[in-house]
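Reading through the structure tokens given below for one structure.
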Amino acid sequence: MPMQNSRHCDFAIIVTGMKRVRKFFGLSACDRTLLLRTAVVLIVVRVSLWLAPFRSILRVLPRLRGSRACASADRLMWSVCCAARFVPYATCLVQALALHILMSGAGYGSCVRIGCASGDGKPEAHAWLEAGGQVLLGGPDIERYNQLLVIGAARQ
């Protein structure tokens, strides 16, 4: 009996993977390119946070620009949310920094905010991205976080 369950799980994984591949190739060429570029930016940000001191990343960040994608801010946000599901440890900080880089490359101003809250006696950190005075990524309960750091400046 355990062998049948194992085969069933393997088959389900294959079918799910095939559905994802079909869905990916069903997207427009522009969206596929955007998702792939976003995945690369997410991976680079994730690996950089593992390997480099945060101060070094902060010094380099203003010089980084995502590709000159002619995508809307909403589309860039969509691509980060989709691609982040496939990048291990794509935390809120990784996603916010990646979206900041992509938006900067597309000519949009944004800033990453990092805050800390105390929940149940344990400190809890969170990062979110704002543009034009609105939270684009990492909302909606950011009011409970005490802002510690702002990266970048949102152009109005």
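The values are calculated or read from the model by the stated rules, or taken from the named source; none is laboratory data. These figures come from a predicted structure and were not determined experimentally. Cβ atoms come from the backbone with ideal geometry, glycine included; neighbour counts cover every protein chain shown.
Structure above, values below:
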{"item": "Any chance Val112 is in contact with a His (Cβ under 8 Å, 6 or more places away or on another chain) and not small (Gly, Ala, Ser)", "result": "yes"}
{"item": "Qualifying residue in segment 85-95 (condition: under 14 Å from the mean Cα position of the chain (by Cα) and without any contact (Cβ under 8 Å) to a residue 24 or more places away in the chain)", "result": "yes"}
{"item": "Search result, residues across segment 103-117 that are of a type outside the set (Gly, Ala, Ser) and farther than 21 Å from Gln147 by Cα", "result": "Met103, Tyr108"}
{"item": "Those residues of segment 133-154 which are outside any strand (DSSP E or B), without any contact (Cβ under 8 Å) to a residue 24 or more places away in the chain and either under 10 Å from Val112 (Cβ atoms) or not small (Gly, Ala, Ser) (or both), in sequence order", "result": "Pro140, Asp141, Glu143"}
{"item": "Single residue of segment 19-64 satisfying the filter (at pLDDT 85 or above and assigned to a loop (DSSP other than H, G, I, E, B)) that is nearest to Phe86 (Cα to Cα)", "result": "Ala52"}
{"item": "Qualifying residue in segment 87-102 (condition: farther than 18 Å from Ile151 by Cα, surrounded by fewer than 20 Cβ atoms within 10 Å (Cβ to Cβ), of a type outside the set (A, V, I, L, M) and at pLDDT 90 or above)", "result": "yes"}
{"item": "When residues of segment 68-86 are limited to those that are surrounded by 12 or more Cβ atoms within 10 Å (Cβ to Cβ) and under 19 Å from Ala153 (Cα atoms), the one modelled with the lowest pLDDT", "result": "Ala73"}
